[in-house]
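*Asks:* Before anything else, here's the structure in question.
The values are calculated or read from the model by the stated rules, or taken from the named source; none is laboratory data. Treat the numbers as computed from the prediction; the structure is a model and nothing was measured. Here the Cβ positions follow ideal geometry from the backbone for every residue, glycine too, while neighbour counts run over all protein chains shown. Keep in mind that these areas ignore ligands, DNA and RNA; they rest on the heavy atoms of the full protein, side chains included. Shrake-Rupley method; radii C 1.70, N 1.55, O 1.52, S 1.80 Å.
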There are 2 protein chains.
Amino acid sequence: MDFELDHRLAGSSIELGRLGRSRVLLKNNAHFLWLLLIPETAVTELHELPADQFEEVCGQTRQLSTWVKDAFHVDKINVAAIGNIVNQLHVHIVGRSRDDVAWPGTVWACDEKKPFSDVELLDLQTRFTLAFNSARRG
Amino acid sequence: MDFELDHRLAGSSIELGRLGRSRVLLKNNAHFLWLLLIPETAVTELHELPADQFEEVCGQTRQLSTWVKDAFHVDKINVAAIGNIVNQLHVHIVGRSRDDVAWPGTVWACDEKKPFSDVELLDLQTRFTLAFNSARRG
């Protein structure tokens with residue numbers, strides 16, 4: 001399909017790669033390990049996806065949550081589909097730590113921003129590729 | 001299993017009924033149509049549920065989102081599993097309107113509260129029972 005990433009999502013994030021029919025972005029905010037899972041669709045509500053794509057997105061959310069929790073040793077995973085401001089469907093998968101700047105509040109109410117360094121971004125990109133290489137080939 | 005609802009979830013909500021192995025609660029805040037879906041489990045992370053229960057909870061989230069969107073004519077559904085404060089696994093399904101008190105912010109950053117009247121609660125309870133009666137029997 002003819003899919004174009006919303007400029008607000010693209011502008012605040014770095015694309016890590018793909019899972020199936022979805023893109024995986026990293027929010028460029030080193031305060032959190034914050035992923036965006038974006039199925040290539042024009043549908044704006046998660047529950048309005050066709051059944052097969054809904055199941056796919058749920059499975060991808062599970063994969064990414066597992067990766068963030070296990071690889072980055074965070075204390076809690078926060079997952080959400082909100083979309084009140086940016087309408088394009090995107091699922092947040094956020095690794096939270098008890099000592100992060102927003103704890104125990106949510107990241108959506110937090111204005112603190114700190115871009116990743118180039119070295120950090122390269123490291124995260126590499127780790128994502130290693131973790132999901134076989135999935136991306138499949 | 002021996003499951004006890006967290007007293008903070010129980011204290012702020014009214015139980016509407018059950019879907020499969022999950023309870024469905026209504027937050028007692030008339031500013032929003034805000035449901036809590038609580039699978040009876042000791043697991044605290046959505047992605048750590050056994051595969052069959054994870055799929056069940058995703059399907060129930062979809063059912064409840066569809067109901068809230070269609071029956072209450074809201075503008076947007078917000079779904080999330082956060083659990084930074086109350087550890088017991090609970091999925092938020094929130095109907096949002098462009099003229100609600102928190103729009104376009106999230107409900108978790110909103111302190112506004114207004115209890116439902118007894119008449120409103122009875123109406124919501126009845127509508128839930130009518131909508132999910134067959135599912136609850138199944």
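*Asks:* If you scan region A:109-120, which residues turn out to be of a type outside the set (A, V, I, L, M) and open to solvent by 60 Å² or more (accessible area, probe 1.4 Å)?
*Replies:* Hits for region A:109-120 are A:Asp111, A:Glu112, A:Lys113, A:Lys114, A:Pro115, A:Asp118, A:Glu120.
*Asks:* Can I ask one more? Return yes when B:Ala42 is within 15 Å of A:Val79 (Cα to Cα) and either within 13 Å of chain A (Cβ to nearest Cβ) or modelled with pLDDT of 95 or more (or both) and no when it is not.
*Replies:* Criteria not met by B:Ala42.
*Asks:* In region B:98-120, is there at least one residue being touching a residue at least 24 places away in the same chain (Cβ under 8 Å), among the aromatic types (Phe, Trp, Tyr) and within 13 Å of another protein chain (Cβ to nearest Cβ)?
*Replies:* Yes, the conditions are met somewhere in region B:98-120.
*Asks:* I would also like to ask the following. Residues A:Lys76, A:Lys27: which one is of a type in the set (Lys, Arg) and under 11 Å from the mean Cα position of the chain (by Cα)?
*Replies:* Going through A:Lys76, A:Lys27 in turn, the sole match is A:Lys27.
*Asks:* Here is a further query. Restricted to region B:98-108, and to residues that are open to solvent by 20 Å² or more (accessible area, probe 1.4 Å) and closer than 20 Å to A:Pro104 by Cα, which residue is nearest to the chain's Cα centre (by Cα)?
*Replies:* B:Trp108
*Asks:* Given (1) more than 8 Å from chain A (Cβ to nearest Cβ); (2) hydrophobic (A, V, I, L, M, F, W, C); (3) more than 21 Å from A:Pro50 (Cα to Cα); (4) within 16 Å of the chain's Cα centre (by Cα), where does B:Leu64 come up short, assuming only one miss?
*Replies:* Every condition holds for B:Leu64 apart from (3).
*Asks:* How many of the residues in region A:126-138 are out of contact with any strand residue (DSSP E or B) (no Cβ under 7 Å at 6 or more places or on another chain), charged (D, E, K, R) and open to solvent by 90 Å² or more (accessible area, probe 1.4 Å)?
*Replies:* Of the residues in region A:126-138, 1 are out of contact with any strand residue (DSSP E or B) (no Cβ under 7 Å at 6 or more places or on another chain), charged (D, E, K, R) and open to solvent by 90 Å² or more (accessible area, probe 1.4 Å).
*Asks:* Here is a follow-up. On the given criteria, is B:Asp123 open to solvent by less than 60 Å² (accessible area, probe 1.4 Å) and among the acidic types (Asp, Glu)?
*Replies:* In short, no.
*Asks:* Among residues belonging to region B:79-97 that are more than 17 Å from A:Ile77 (Cβ to Cβ) and buried (at least 21 other Cβ atoms within 10 Å of the Cβ), point out the one that is farthest from the other protein chains (Cβ to nearest Cβ).
*Replies:* B:Gly95
*Asks:* For region B:1-59, which residues satisfy the criterion of being assigned to a strand (DSSP E or B), without any contact (Cβ under 8 Å) to a residue 40 or more places away in the chain and open to solvent by 40 Å² or more (accessible area, probe 1.4 Å)?
*Replies:* B:Glu15, B:Arg23, B:Lys27
*Asks:* Turning to a different aspect of this structure: In region B:66-104, which residues are acidic (Asp, Glu), assigned to a loop (DSSP other than H, G, I, E, B) and more than 17 Å from A:Leu89 (Cα to Cα)? Quick ask: steps written out before the conclusion?
*Replies:* Going residue by residue through region B:66-104, those that are acidic (Asp, Glu) are B:70, B:75, B:99-100.
Filter once more, keeping what is assigned to a loop (DSSP other than H, G, I, E, B): B:75, B:99-100.
Once the filter is applied, which keeps residues that are acidic (Asp, Glu), assigned to a loop (DSSP other than H, G, I, E, B) and more than 17 Å from A:Leu89 (Cα to Cα), region B:66-104 yields B:Asp99, B:Asp100.
*Asks:* Only one of these conditions is not met by B:Glu55: (1) within 11 Å of chain A (Cβ to nearest Cβ); (2) closer than 25 Å to A:Trp103 by Cβ. Which number is it?
*Replies:* (2)
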